[in-house]
Amino acid sequence: MQITKYTHACVRFEHDGRVLVIDPGIWSEPAALIGADAVLVTHEHADHIDVLRLAGLGVPVYAPAEAAIPRLEFTAVSSGAEFTAAGFRVQAVGGRHAFIYAGQPDCANLGYIVDEAVYHPGDSLHVPEQPIDTLLVPAQGSWMRTAEAIDFVKAIDPRRAFPIHDAQINDRGLSSVNGWLAQETGSAYRYLAPGESV
């Protein structure tokens, strides 16, 4: 499976001519959706979903059952659901967005485990029960601290980890966060620039 990171939380999966995209938000490049067969959305915030772009795409979109996404038809998904999207096996885990302050925001957020190997948690630090080979770890957010990201990687103990949710960090901050995560997690943590694939 080829994994391509795009700006912020957008990630593209390709295998045998099939394309699955997670969280193509308003900051992600339109190229992420070229040839997409299906899209997974972790939650309703604009940095994770560009509603206008998806409404015109004409492919199946999967999102949390409780998500408030007007003007977009999507298949409602609940935590624990297992389904196939673009030929990829997907398991939905978690359930709520991490709190920023005073219990806000309180919206649905699902993480997705793709082909029992790659985990995209959206805006949460939910630790799934099963082993994870490749973790897409949020690097920054108003809802988290760097120490929490480090603990999240350690709790999951993946074979490798790549950052997502990093578009609001300038170059100096990104270098610092990447340095801490690489130094402290002990996993094969590596930064992927937007458009870079593994």
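Please treat every number below as a calculation from the coordinates, not as lab data. Quick caveat, the model's predicted, so the values are computed rather than measured. Glycine gets a Cβ as well: all are built from the backbone with ideal geometry, and neighbour counts include every protein chain shown.
Points worth noting:
- Secondary-structure-derived ellipticity at 222 nm for the chain, considering helices only, amounts to -4500 deg cm²/dmol, per-run term -39500 (n - 2.57) for DSSP H runs with n ≥ 4.
- Near the amide H of LEU40, within less than 5 Å, lie the amide hydrogens of VAL21, ILE22, ASP23, TYR62, all on another chain or at least 5 residues away, with H placed in the peptide plane.
- Over segment 87-148: Rg over Rh, Cα atoms, Kirkwood Rh: 0.99
- Counting DSSP beta bridges with both ends in the chain, the antiparallel % (nearest 5): 60 percent
- Mean Cβ count within 10 Å, highest first, over the residues of peptides 24-35, 124-135: 24-35, 124-135
- Cα gyration tensor category, rounded, prolate or oblate, for segment 63-178 with a/c compared to 1.5: oblate
- On the principal axes of its alpha carbon atoms, segment 14-74 extends 33, 22, 18 Å, with the longest extent given first.
- With Cα atoms, 0 to 90° folded angle of helix 146-156 axis to the chain main axis: 70 degrees
- Cβ-derived FRET efficiency at R0 41 Å, ALA31 paired with GLU66, nearest 0.05: 0.85
- Amide proton proximity set for ARG89, modelled H, under 5 Å, gap of 5+: ASP115
- Relative to the longest principal axis of the Cα atoms of the chain, the long axis of helix 171-185 makes an angle of roughly 80 degrees.
- Alpha carbon centroid spacing (whole Å) that separates segment 115-141 from segment 169-198: 15 Å
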